[in-house]
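The values are calculated or read from the model by the stated rules, or taken from the named source; none is laboratory data. The shown structure was predicted, so the numbers you read here are calculated from the model rather than taken from an experiment. When we count neighbours, we look across all protein chains shown, and the Cβ atoms used for this are built from the backbone with ideal geometry, even at glycine. Calculation scope for accessible area: heavy atoms of the full protein, side chains included, ligands and nucleic acids excluded. Shrake-Rupley method; radii C 1.70, N 1.55, O 1.52, S 1.80 Å.
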Amino acid sequence: MQESKYSFLMKMAQRSLSEEKRRFHSFMEEIEMAYAEQAETAEQYYNLLTLQHPYQQAAAKFNLTVEEARQYMLAIDAELQREVDRKMKSAVWLECTQSQFPIHHHNQNKNFLTFF
């Protein structure tokens, strides 16, 4: 459950990025996901990364040097992590079952996330 909370907060943090940072971050994630789908083993995945690292592709697409692309991605990741950490400290996850709220007619748990 903790992983799903973290994933949810990470998606929220990603949406809070500027358009430029969101495009860059999405581009990098798409490449990594494509490599993960192509590879059958971890070794194949790392070989794909070695042959054409996402930083190289991002540098070409966004007109940066490879080092600038790497630094930009590290800065975005740090910003995302700070935002997730901040939200984790102030978030309260409430699970509400049907017995707590009998007006619901379907048999599902409802989850609510609130920030203080």
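Taking residue 5, is it under 20 Å from the mean Cα position of the chain (by Cα) and modelled with pLDDT under 95? Walk me through how you get there before you give the answer.
Values: under 20 Å from the mean Cα position of the chain (by Cα): yes; modelled with pLDDT under 95: yes.
Judged against the criteria, residue 5 is a match.
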### Task
Please state which one of 74, 64 is open to solvent by 50 Å² or more (accessible area, probe 1.4 Å), assigned to a loop (DSSP other than H, G, I, E, B) and hydrophobic (A, V, I, L, M, F, W, C).
64
### Query
Mind checking which pairs have a first residue in the stretch 1-20 that is farther than 17 Å from residue 86 by Cβ and a second that is at pLDDT 95 or above and open to solvent by 60 Å² or more (accessible area, probe 1.4 Å), Cβ under 7 Å, 6 or more apart or different chains?
none
### Query
What number of residues within the stretch 8-35 are in a helix (DSSP H, G or I) and among the small types (Gly, Ala, Ser)?
3
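If you take the residues in the stretch 1-45 that are of a type in the set (Ser, Thr, Tyr) and in contact with a Phe, Trp or Tyr (Cβ under 9 Å, 6 or more places away or on another chain), which one is surrounded by the fewest Cβ atoms within 10 Å (Cβ to Cβ)?
First, pick out the residues of the stretch 1-45 that are of a type in the set (Ser, Thr, Tyr): 4, 6-7, 16, 18, 26, 35, 41, 45.
From what's left, in contact with a Phe, Trp or Tyr (Cβ under 9 Å, 6 or more places away or on another chain): 35, 45.
Working: 35: 19, 45: 16.
Going through the qualifying residues, I end up with 45.
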### Summary
Scanning the stretch 1-19 residue by residue, those in contact with a helix residue (DSSP H, G or I) (Cβ under 9 Å, 6 or more places away or on another chain) and either of a type in the set (Ser, Thr, Tyr) or closer than 23 Å to residue 72 by Cα (or both) turn out to be 6, 9, 10, 12, 13, 14, 15, 16, 17
### Message
Among the residues of the stretch 46-61, what is the count of those that are touching a residue at least 24 places away in the same chain (Cβ under 8 Å) and open to solvent by 80 Å² or more (accessible area, probe 1.4 Å)?
### Response
1
